Amino acid sequence: MKNAGLMPCEHTKGHKKICGKGIIEMKKKMLSIMMAALMLLSGCSGGTAQPAANTGTQEPAAPAAPPVMELALEDNRIDDNNRMYYEVFVYAFDDSDGDGIGDLKGLTEKLDYIKDLGCNGIWLMPVNSSTTYHKYDVTDYYAIDKEYGTLEDFQAFLKECDSRGIKVIMDMVLNHSSSEHPWFKEAAEYLKTLAAGQEPDPSVCPYVDYYFFTREEGRNGYAKLQGTDFYYEAQFWEGMPDLNLGCQALRTELEKIMAYWLDMGVGGFRLDAVKEYYTGHPDDNVEVISWIVNYCKSVKEDAYVVGEAWDSKNAIENYYRSGIDSLFNFPFAQSDGIICKDLRKAGDGATGKALAQDIVSYHEMIRNVNDKATDAPFLSNHDTGRISGFLAQDPVKMKFAEAVNILMSGNAFLYYGEELGMVGSVKGFPGKDENKRAPMYWNTRGDGGMAKGSPNMDAVEHKFPPYEEQKTDNASIYNYIRNVIKIRNAFPQIGRGIETVAEEITDGDIVALWKEYEGETILLLMNNSDQEKTIAIPERDGRKLELAAGLGIEGTELQAADGNVTLTAFGVAVLK
Ligand code: CA
C-alpha cells in the first residue's frame, strides 16, 4: 500500500529532517504557555472566560471547555510494516443504516476517528458471508456478508483507508469453513449416497478431501454427519467443520481467495486459529503457515501476516520458524498475562524491572528464530474480555497497562473500545462472547451510528463515559491512550527498537528500556508504581539526554528540571 506523503511529516532513512527538535521544543513551550493562559483565564472568571481576543463587540462567548492536553510531538511514522493496529468488529462498530448492525459504510464514516486516535492499521474481523453474528464460519470467501454491505462498500472502505495511510489486514479463517459452505454441503450430499462400507471417491466428489471425514467413532473434536455413518472434524463447533489444509486442490482454491483480496488492496491477513490447522501437531501447522506466508508474499511483497497461536512462549517460538511476520503475544496479554500480573503487584517490589526483563527476553526469543519477524503485542481481543475486567475497572492501571502494550516493540494492537475502557467481562456483565463484543460506546443516547450488539448480549452498563464525553476530558482513558499512541508515532525506536534493560536506571519499580533503531537510541521509562520517582537524566555516548516526551497518568505533561525528570505515579517518559 502506497501512502508516501500522507503522513504529516514523514521521515524515512536518509531524508533530511524538516522539523528539528528545536521546533518541537518551541511547539511544546508555546502549547504550555497557551494552556497556562487558558487555565488562568478560566480560573479567574469562574469558568466563563472570554477568549483574550474578544473585544466585546460580538455575541458573548460560550463557556470555555477546559483545554485537552495534547502532547506536541512530531509525527515520525515510517511507511512500513511496523504499525499501530486497531481491531474492529464491524458488527458492533458503527451502523450506517439504522438496522442496529454495524456495517462497512459506518466503519468508513468513522475512519477519521481511527486515524485521529493515531492508528495506521486495521485488523478487520471477518467480513465474508457467514451464518453467524461473529462471522467466523464463512459460507463464501469471495463475498462480503450482506449484513455488512456490498463488495462496492468494501472497495470504497479500502480506498478511504488507503487515502489515510491505513493498512487493512483481513481476518482469514482457514482452519474451518461453515457447514453451510457449498464445499461441505456437496461433500455431505455425496457421502449420503454411499452404501455401507463404500469408500468416498475424490474423483467423483473432490470436496470429500477438503475436510476430515471418517467412519471411526469416538474421535476427539469430531461431530456426526447427519444422514450418514460418517463423522467430521469440527474442533470449535459442529457448524464449523475443519478444513484439510494438506489437500492440494483446497490449497489452490485458498490461494485464489487470498490473491483475490490482496489484489483488491488488502494489505495482509490475520490468520485465525493456526494451532488448530492440525490440532496437536504443531510442526504440521508450521508447514501450513509457511505455505500461506510464502504465497502471500509472492503476490504482494509487503503483505503483513500475523497469526493467532493462543499458546505459551515456547509454543509460539516454534511457530516463528514458519517465517510469519508476527504472532500475537498471548503470554503478555489477558488477565493472567505478564503485563496485568505485574501491574497488580505494582510497587510491591521490582515488578517494573521484571517486566522490562520479560520484554527483552521475549523479543530476543523472536529474533533468535527469525530476525525479520516482529512481535504483535496486544492486551485484549474479541475472545479474551477487556482490560476493565482484567484490572477491576481501575482507570489508572488500565491506562498504564495500555501504555506498556502500545510502547512495546512490535506492531501494537488495540481492540476497539479499549480506548474508552468499555466493559467486556465484569461483575453483572459476565465475559461471554457476545458481551466481549459490545457496541462501540459512542454516546449515551444510542444514536449517531451506535450498533445494538448481538441479541444474546446482556444489558450493558459502562463504568466510564462514552467517546462523546471522554474526548473533551483531559484525564480520560481516551485522551491518555491517544497521547500514548502519539508518543509511539513520534519515535520510530519505540515500535522498531531492539531493547535492552537500563539496569543502571531502574530502581526496580521502573520499566527502563534502551531502544535502539538504526543507530539512534532512546530511553523509555515507565513508572510501574504509585510513588513519584525522580530520575537523574543520564548521559549516553558522552552527551546528556533530554526529555523528549513525558505523560502523567492523569493527562499531564511531565517536566524536567535541574538535570532530573520527575515521573509521577505511573508516569511515562522518553529521553533522547
Ligand atoms: Ca447496518
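The values are calculated or read from the model by the stated rules, or taken from the named source; none is laboratory data. Treat the numbers as computed from the prediction; the structure is a model and nothing was measured. Cβ sites come from the backbone with ideal geometry, for glycine too, and all protein chains shown count toward neighbours. Heavy atoms of the whole protein, side chains included, go into the accessibility calculation; ligands, DNA and RNA do not. Shrake-Rupley method; radii C 1.70, N 1.55, O 1.52, S 1.80 Å.
Only residues in region 146-157 that are in the same structural domain as His134 (by TED's automatic domain parsing) and among the acidic types (Asp, Glu) count as the first member; pair them with residues that are open to solvent by 70 Å² or more (accessible area, probe 1.4 Å) and within 15 Å of the ligand (Cβ to nearest atom), Cβ under 6 angstrom, at least 6 apart or cross-chain, and list the lot.
Listed pairs, sorted by first residue: Asp153/Lys105.
Taking Glu109, is it among the acidic types (Asp, Glu) and in contact with a strand residue (DSSP E or B) (Cβ under 7 Å, 6 or more places away or on another chain)?
Taking the combined requirement at face value, the residue does not satisfy it.
Can you name the condition, by its number, that Leu420 falls short on among (1) under 30 Å from Asp80 (Cβ atoms); (2) over 19 Å from the mean Cα position of the chain (by Cα)?
(2)
Is it true that Glu152 is more than 23 Å from Asp433 (Cβ to Cβ), open to solvent by 10 Å² or more (accessible area, probe 1.4 Å), touching a helix residue (DSSP H, G or I) at 6+ places or on another chain (Cβ under 6 Å) and not in a strand (DSSP E or B)?
Here the answer is no, as Glu152 does not meet what is asked.
Just checking, how many residues over region 499-556 are crowded, with 19+ Cβ neighbours inside 10 Å, within 18 Å of Ala356 (Cα to Cα) and of a type in the set (Gly, Ala, Ser)?
3
Filter region 92-125 for residues that are of a type in the set (Lys, Arg) and either more than 10 Å from the ligand (Cβ to nearest atom) or over 14 Å from Phe157 (Cα atoms) (or both) and give the result.
Lys110, Lys115
Would you pick out the residues in region 448-498 that are open to solvent by less than 20 Å² (accessible area, probe 1.4 Å), among the aliphatic types (A, V, I, L, M) and not in a loop (DSSP other than H, G, I, E, B)?
Result: Ile477, Ile481, Val484, Ile485, Ile487, Ala490, Ile494.
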